[in-house]
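Participant: First the structure, which I've put down as structure tokens, then a few questions once you've had a look.
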Amino acid sequence: MLSKVLSGATYGVNAYVVEVETHLEKMIPGFAIVGLPDNAVRESRERITAAIRNCGFEFPTRKLTVNLAPADIKKEGSAFDLPMATGILAASGQVRGDALEQFLMVGELALDGTLRPVHGMLPVALEVRRKGIKGIIVPKENGREAAMVRGLAVYAMSSLKEVAGFLDGCHPDWKPLTVNVADLLARDQRTLADFSDVKGQETVKRALEVAAAGSHNIIMIGPPGSGKTMLAKRLPGILPPMTFEEALETTKIHSVAGTLPADAALVAVRPFRSPHHTISDAALVGGGAIPRPGEISLSHHGVLFLDELPEFARNVLEVLRQPLEDGRVTISRAKLSVEFPANFMLVCAMNPCPCGYFTDPTKECTCQPGMIQKYMTKISGPLLDRIDLHIDVPAVKYRELASRENGESSENIRRRVIRARDLQARRFRGHKGLYANSDMQAKEVRQFCRLDGAGEELLRTAISRLGLSARAYDRILKVGRTIADLGGSMGIRPEHIGEAIQYRSLDRNLFTTACA
């Protein structure tokens, strides 16, 4: 006797359909799983056997063979428990098999037959809709996540016995699960930290506003306690709200990585990831025998904050260069190659020297010039070139700390950022892959960042005096374009270019000057 149940598995951040074929024959009892299963899949034999019996069904005493097709792709995880158990019940005649091809099912089984949640539900649900399959059966905890996919019938079950009853038609009035997407997108927005809590630092706030308006990378340099981390944590609060498409794409990554909270169906707030400086390069970009997303992909459509930047290993920082340019990272192994999205804002913070007080007028720096230069050179020139804004964060003065007046709120700043982003959206309409000024390539920079004579002369002087690279030249133009957008200007004026040039204070020749 033969049965076939549809299931799904993830490959990178996408999914594919797996056919779970079950065959029973009158031979010495045995239970074999073929189709390149990993240890978690092989161990499912014991879970399935106990779950079937504890749900009141009979486990067949025959030779049992389960094939996971396509058989040339390695299968991992516990999501095949439910489809394998259902296939066994259908092949043994204990569950009707005529409805199996209409549904795809995933889920881990407890020994008592209870369904437990699994990772990667959203990519699987998207693939089910793409394949035109009627619906999907998932554990109750995964139901809201799968229901994010519009036009797909999602049935959230709590046990194997419930699934069997549903397939036998015992619950004809069972309705697919629905969720309110608008409520999910609005949730948690008010919990973000607010810029009104920050005392002083108006210049730094302006730089962060520019960075948010154009999705530019930024590095902040200042003594300990000047507020660099506090400012960085408030950056997501001034970024534009996530669109549903952005939220879906981000949720896919977190679902595959297993970082989606149990009570969350959607990543409704832009991610803010702050890995410790001891992180490895594989943990940052992603990796493993079967590659999983790293911190840069978990920061997709959000912020990656690297505090104490020079403390990160040099090889870890260098792996950021390609993702910063391409907005994605490709991880290659001997048997497979996986691409993860990685379109994020890089925000860095660092001290100006090992002791931290090189730029502090109130405290004496104890570092020798050679120590400062060695500290600074931990960050390579190519990486600095890819950071659009370099901003000094001075120590906060006492009168600013003691002031009872609140600073400008994040909501006010966000309104200006959204207006600037709206201008960019209209400008880039028809240009695939362009959403913000930072996404522009050389062709678009020439088209949208034209300068008048005074602006050209100012930029030419800056390039020659500061020794800037061609990449830095393009980035100054992009930042100038963003500053103009914030001011509602159609053209880039000299004052916009002048402000953009001020945000290049850490270019390579200035390191040497500071340490001379």
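The values are calculated or read from the model by the stated rules, or taken from the named source; none is laboratory data. Remember, predicted model here, so these are calculated numbers, not experimental data. Cβ atoms come from the backbone with ideal geometry, glycine included; neighbour counts cover every protein chain shown.
Participant: Could you check, for segment 111-130, whether at least one of its residues is of a type outside the set (Gly, Ala, Ser) and free of Cβ contacts under 8 Å to residues at least 24 places away in the same chain?
Facilitator: yes
Participant: Follow-up question, since we're still on this one. Looking at segment 344-361 only, could you name the residues that are within 30 Å of SER255 (Cβ to Cβ) and surrounded by 24 or more Cβ atoms within 10 Å (Cβ to Cβ)?
Facilitator: PHE344, MET345, VAL347, CYS348
Participant: Also: Can you tell me which residue within segment 76-88, out of those that are among the aliphatic types (A, V, I, L, M) and either outside the structural domain of TYR11 (by TED's automatic domain parsing) or assigned to a helix (DSSP H, G or I) (or both), is farthest from TYR155 (Cα to Cα)?
Facilitator: Here the residue is ILE88.
Participant: Now a separate question. What is the residue count in segment 235-246 for residues that are hydrophobic (A, V, I, L, M, F, W, C) and either at positive phi or part of a loop (DSSP other than H, G, I, E, B) (or both)?
Facilitator: Total meeting the criteria: 2.
Participant: Just to verify a result, which residue in segment 102-122, among those that are buried (at least 24 other Cβ atoms within 10 Å of the Cβ) and of a type outside the set (A, V, I, L, M), is farthest from PRO291 (Cα to Cα)?
Facilitator: Filtering segment 102-122 for residues that are buried (at least 24 other Cβ atoms within 10 Å of the Cβ) and of a type outside the set (A, V, I, L, M), the one farthest from PRO291 (Cα to Cα) comes out as GLY113.
Participant: Sticking with this one: I'd like the full set of residues that are free of Cβ contacts under 8 Å to residues at least 60 places away in the same chain and within 14 Å of ALA342 (Cβ to Cβ), limited to segment 252-270.
Facilitator: Within segment 252-270, just HIS254 meets the criteria.
Participant: Return the residues of segment 13-43 that are farther than 16 Å from LEU64 by Cα, of a type in the set (A, V, I, L, M) and assigned to a loop (DSSP other than H, G, I, E, B); say none if nothing qualifies.
Facilitator: Answer for segment 13-43, where residues must be farther than 16 Å from LEU64 by Cα, of a type in the set (A, V, I, L, M) and assigned to a loop (DSSP other than H, G, I, E, B): VAL13, LEU36.
Listed here are the residues, each with its yes/no results for (1) in a strand (DSSP E or B); (2) under 29 Å from the mean Cα position of the chain (by Cα); (3) closer than 21 Å to ILE136 by Cα.
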site	(1), (2), (3)
ARG45	no, no, no
ILE48	no, no, yes
ARG53	no, no, no
THR61	no, no, no
ILE73	no, yes, no
ALA90	no, no, yes
LEU104	yes, yes, yes
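Participant: May I pose another question? Hey, which of the helices (runs of 4 or more DSSP H) in segment 145-234, taking only ones fully inside, have at least 2 residues that are more than 18 Å from LEU306 (Cβ to Cβ)?
Facilitator: Counting at least 2 such residues, we get 160-167, 181-186, 202-214.
Participant: Here's another thing I want to ask about it. So, in segment 148-163, exactly how many residues are under 18 Å from VAL179 (Cβ atoms), among the β-branched types (Val, Ile, Thr) and in contact with a strand residue (DSSP E or B) (Cβ under 8 Å, 6 or more places away or on another chain)?
Facilitator: Selection size over segment 148-163: 1.
Participant: Then there is this: Counting only residues that are touching an Asp or Glu at 6+ places or on another chain (Cβ under 9 Å) and under 22 Å from LYS161 (Cα atoms), how many does segment 34-61 have?
Facilitator: 9
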